[in-house]
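A short worksheet on the structure shown next.
The values are calculated or read from the model by the stated rules, or taken from the named source; none is laboratory data. In this text the structure is predicted, and so the values were computed from the model without any measurement. Glycine gets a Cβ as well: all are built from the backbone with ideal geometry, and neighbour counts include every protein chain shown. These accessible areas exclude ligands, DNA and RNA; they are computed on the full protein's heavy atoms, side chains included. Shrake-Rupley method; radii C 1.70, N 1.55, O 1.52, S 1.80 Å.
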Amino acid sequence: AKCQCKVVARERTNCGYPGISAAECKKIGCCFNASVPSVPWCYNPKPKKVKKMCPNDPYTRINCGHPGIKPRECTKKGCCFRAHPAGVPWCFYHRVMEE
């Protein structure tokens, strides 16, 4: 994403090697901006903003506990707990969504 490359010149962390081309830099998932001399031109993007959410579709749940796990045990592990429907995990992992 474009906004991930809006990194202040002095905060850029090098990604790549000296003399890397813009195309090569982008191919390895980095940002390229040659407008400021004496700072990295090929640099790491800002981390993506993500949020954790409990998936709504019970059939996509990925089990995070054991049969009969208590809600508190489950949330202590950092997982979602919903005691319905039958036949699917009630303690399950979050989904990570990009904001």
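Would you check if there is a residue in region 19-31 being in contact with a Pro (Cβ under 7 Å, 6 or more places away or on another chain), outside any strand (DSSP E or B) and of a type in the set (A, V, I, L, M)? No: region 19-31 contains no residue that is in contact with a Pro (Cβ under 7 Å, 6 or more places away or on another chain), outside any strand (DSSP E or B) and of a type in the set (A, V, I, L, M). Just one of the numbered conditions (1) open to solvent by 60 Å² or more (accessible area, probe 1.4 Å); (2) of a type outside the set (D, E, K, R); (3) in a loop (DSSP other than H, G, I, E, B) is not true of residue 45; which one? Going through the list (1) open to solvent by 60 Å² or more (accessible area, probe 1.4 Å); (2) of a type outside the set (D, E, K, R); (3) in a loop (DSSP other than H, G, I, E, B), residue 45 breaks only (1). With respect to being open to solvent by 90 Å² or more (accessible area, probe 1.4 Å) and in contact (Cβ under 8 Å) with a residue 40 or more places away in the chain, residue 26 falls outside the description. Annotation: residue 93 fulfils all but one of (1) closer than 24 Å to residue 3 by Cβ; (2) open to solvent by 50 Å² or more (accessible area, probe 1.4 Å); (3) of a type in the set (Phe, Trp, Tyr); the unmet one is (1). The lone criterion from (1) closer than 30 Å to residue 15 by Cα; (2) outside the structural domain of residue 8 (by the TED database) left unmet by residue 65 is number (1).
Residues checked against (1) aliphatic (A, V, I, L, M); (2) not in a helix (DSSP H, G or I):
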{"residue": "55", "(1), (2)": "no, yes"}
{"residue": "59", "(1), (2)": "no, no"}
{"residue": "65", "(1), (2)": "no, yes"}
{"residue": "68", "(1), (2)": "no, yes"}
{"residue": "85", "(1), (2)": "no, yes"}
{"residue": "88", "(1), (2)": "yes, yes"}
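Within region 29-50, residues that are farther than 13 Å from residue 4 by Cβ have Cβ atoms under 6 Å from residues that are open to solvent by 90 Å² or more (accessible area, probe 1.4 Å) and not polar (S, T, N, Q) in these pairs: 34/41, counting only partners at least 6 apart in sequence or on another chain.
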